[in-house]
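Below you'll find the structure, written out as C-alpha cells, and then a few comments.
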C-alpha cells in the first residue's frame, strides 16, 4: 500500500492533484486507514496512471469520470470505452508528432549554434 506522498513521487503528480482526482471519484476503491488517510494498492495506482494519461491527452475531468463510470458498469460498456480510448489515442499521436517537430527544431538550432561556436560559420543569421 502506498500513501499519497509515495504515489506522488512514484508517478510524478502533486499530492494535491492525487487528492483532487480521488475526491472526484476518478480512482475506484481507494482505501483509507483508521486515520482516514488515503491508501493506494497497485490497482488504484494503475487507475491514477490512467487518469494522468487521459488528462494529458486533453480529456476533461467530467469525461474521465464518465469513462470510470463506464468501467464500473462492466463489460456491457466495452465498446464505449474502446471508442473513447481510440479517440484519445489519436490525440496522443498528434501530440507525439508535435513533440517530434519540436525536438527536430531544437536539434537544428543546437547544430547551428555549435557551428558558430566552432567557427564553422560566422554570426547568428539563422532566424529559424
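Simple spin-label estimate for residue 34 and residue 79 gives 5.0 nm between the two label positions (7 Å along the Cα-to-Cβ direction from each Cα). In this simple spin-label approximation, residue 62 and residue 6 carry label points 7 Å from Cα along the Cα→Cβ vector, and these lie 3.7 nm apart. Percent relative contact order of segment 4-95, based on C-alpha pairs within less than 8 angstrom and at least six residues apart? Across segment 4-95, relative contact order equals 21 percent. Need the full-extension length gain, residue 23 to residue 87, defined as separation in residues times 0.36 nm minus the C-alpha distance. One decimal, nm. Taking residue 23 through residue 87 to full extension adds about 20.4 nm, to one decimal. Calculated [222 nm] ellipticity per residue, helices only, for the chain: -22500 deg cm²/dmol; basis is -39500 (n - 2.57) per DSSP H run with n ≥ 4, divided by all residues, nearest 500.
Packing-wise, with mean Cβ within 10 Å as the measure, how do 62-73, 83-94 rank, highest first? All intermediate terms of the calculation are to be shown ahead of the outcome.
On the way: 62-73: 15.3, 83-94: 13.0.
By packing density, highest mean first, the sequence is 62-73, 83-94.
The C-alpha atoms of the chain define a longest principal axis, and helix 42-56 lies at about 50 degrees to it. Against the chain, whose longest principal axis comes from its Cα atoms, helix 61-73 is set at around 50 degrees. Going 7 Å from the Cα of residue 94 along its beta-carbon direction, which residues of segment 43-83 have the amide nitrogen within less than 16 Å of the resulting point? Only 54-60 fall inside the zone, counting backbone N under 16 Å. The angle between the Cα long axis of helix 78-117 and the main principal axis of the chain comes to about 30°, on a 0 to 90 degree scale.
How much length, in nm to one decimal, is gained on full extension between residue 101 and residue 43, taken as 0.36 nm per residue of separation minus their Cα-Cα distance? Working shown, then result.
Numbers: separation 58, 0.36 × 58 = 20.88 nm, distance 3.52 nm.
Between residue 101 and residue 43, full extension yields an extra 17.4 nm.
Take each of the peptides 74-80, 24-30, average the number of other beta-carbon atoms within 10 Å over its residues, and list them starting from the highest. Let's see the in-between values first.
Numbers: 74-80: 10.7, 24-30: 16.4.
Ranked by mean Cβ neighbours within 10 Å, highest first: 24-30, 74-80.
Rule-based calculations on the coordinates, nothing more; no lab input. Every value quoted in this text rests on a predicted model; they were computed, and no experiment measured them. All Cβ positions, even for glycine, are placed from backbone atoms using ideal geometry, and neighbour counts span all protein chains on display.
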